[in-house]
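Read through the structure below, which is laid out as structure tokens, and then see the notes.
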Amino acid sequence: MIRTIIILFLLISPVNAKCKYYAYADVENNKIVNKKEKYICEEKENILVQFLTDEKYHQALTMVFITLLENI
């Protein structure tokens, strides 16, 4: 049970998003009309997805796979 909890905490990473906020509006007679807001966020992928797809983890993934095959 403790292993499961530790694995879940390792797989769940906090959100590290870089967000930008843009707001556009027209002013007529000292009143705001046609207000448009836009949020653009870029989030990093989960560490598990990075481990499986990123080129820099290629050797580590191969070694994990081979080790698992040996122990089966």
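The values are calculated or read from the model by the stated rules, or taken from the named source; none is laboratory data. Because the structure is a prediction, the values reported are computed rather than measured.
Odds and ends about this structure:
- Those residues of region 28-72 which are of a type in the set (D, E) and at pLDDT 80 or above, in sequence order: E28, E37, D54, E55, E70
- Some residue of region 30-40 being more than 30 Å from K18 (Cα to Cα) and among the polar types (S, T, N, Q): yes
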